[in-house]
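Participant: The structure is given below, and queries will be raised subsequently.
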């Protein structure tokens, strides 16, 4: 028996499908396939020909790239309601690996199907171009940060961004709601595990952050923001 399709309203908040009416969303959902992705599974690999587009319904996906020297860079963490692997249809292949950080559920369309949907609903193509522009702007910002900012500022920015995107209120502050290793943070900010460990240890001693294994809580976001902006720390 074929599994029932998820509710098309799940697509409504996704930027790629903004502006589509209910019948269009139903058609898009009808052409997709929901599937479970186990923690640690590789959804697609860097360099592979782009064959599928994805929308995350639940869980967390890490996009990472490996350079010619073997060094890994974490490009982004994808959360529920976000698309991933989609812009690769305009490239020669996937620019990075997609790895499930937690047990996840996503929707999958073939590239051919998504291109047909773009012809039927041009708004999807327009939204995709806007997303591509935003992605390029974000990459430019990160290159500028890597080129001009001290490591401490970059780490503070990364934690604040993750807390904003995936934070949940806990008694101690705002907890990043998925497993985040210090190695992940190092690969996000273009530095070493040793440097990130030293910075986080100092911040934990000062009461700015807290956490345990693969867990980080932002305790004093105002102070981290001051560090990120290179301003005096609040008294």
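The values are calculated or read from the model by the stated rules, or taken from the named source; none is laboratory data. The structure displayed is predicted, hence computed values, not measured ones. So basically every Cβ, Gly included, is an ideal-geometry build from the backbone, and we count neighbours across all protein chains shown.
Quick grid of which residues meet (1) outside the structural domain of residue 20 (by TED's automatic domain parsing); (2) touching a residue at least 24 places away in the same chain (Cβ under 8 Å); (3) farther than 27 Å from residue 190 by Cβ:
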| position | (1), (2), (3) |
| --- | --- |
| 85 | no, yes, no |
| 93 | no, yes, no |
| 100 | no, yes, no |
| 103 | no, yes, yes |
| 114 | no, yes, yes |
| 121 | no, yes, yes |
| 139 | no, no, no |
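Participant: How many of the residues making up the range 91-110 are at pLDDT below 95, more than 25 Å from residue 179 (Cβ to Cβ) and either in contact with a helix residue (DSSP H, G or I) (Cβ under 7 Å, 6 or more places away or on another chain) or assigned to a strand (DSSP E or B) (or both)?
Facilitator: Result for the range 91-110: 0.
Participant: Moving to a separate point now. Given the criterion surrounded by fewer than 18 Cβ atoms within 10 Å (Cβ to Cβ) and in contact (Cβ under 8 Å) with a residue 24 or more places away in the chain, identify the matching residue among 215, 183.
Facilitator: Criteria check complete, one pass: 215.
Participant: Could we say that residue 66 is surrounded by fewer than 20 Cβ atoms within 10 Å (Cβ to Cβ), in contact with a strand residue (DSSP E or B) (Cβ under 6 Å, 6 or more places away or on another chain) and not assigned by TED's automatic domain parsing to the domain that holds residue 214 here? Steps first, please.
Facilitator: Working: surrounded by fewer than 20 Cβ atoms within 10 Å (Cβ to Cβ): yes; in contact with a strand residue (DSSP E or B) (Cβ under 6 Å, 6 or more places away or on another chain): yes; not assigned by TED's automatic domain parsing to the domain that holds residue 214: yes.
Spelling it out, residue 66 is indeed surrounded by fewer than 20 Cβ atoms within 10 Å (Cβ to Cβ), in contact with a strand residue (DSSP E or B) (Cβ under 6 Å, 6 or more places away or on another chain) and not assigned by TED's automatic domain parsing to the domain that holds residue 214.
Participant: Additional query: Take residue 214 and tell me if it is more than 20 Å from the chain's Cα centre (by Cα) and at pLDDT below 95.
Facilitator: no
Participant: Kindly indicate which of 120, 113 is surrounded by 15 or more Cβ atoms within 10 Å (Cβ to Cβ) and more than 18 Å from residue 59 (Cβ to Cβ).
Facilitator: Unique residue meeting the criteria: 113.
Participant: Take residue 186 and tell me if it is on the phi < 0 side of the Ramachandran plot and modelled with pLDDT under 95.
Facilitator: Taking the combined requirement at face value, the residue does not satisfy it.
Participant: Here is a follow-up. Checking residue 162 against (1) crowded, with 19+ Cβ neighbours inside 10 Å; (2) without any contact (Cβ under 8 Å) to a residue 60 or more places away in the chain: exactly one of these is not met. Which one?
Facilitator: (2)
Participant: Could you say whether any residue in the range 38-51 is out of contact with any strand residue (DSSP E or B) (no Cβ under 6 Å at 6 or more places or on another chain) and surrounded by 15 or more Cβ atoms within 10 Å (Cβ to Cβ)?
Facilitator: yes
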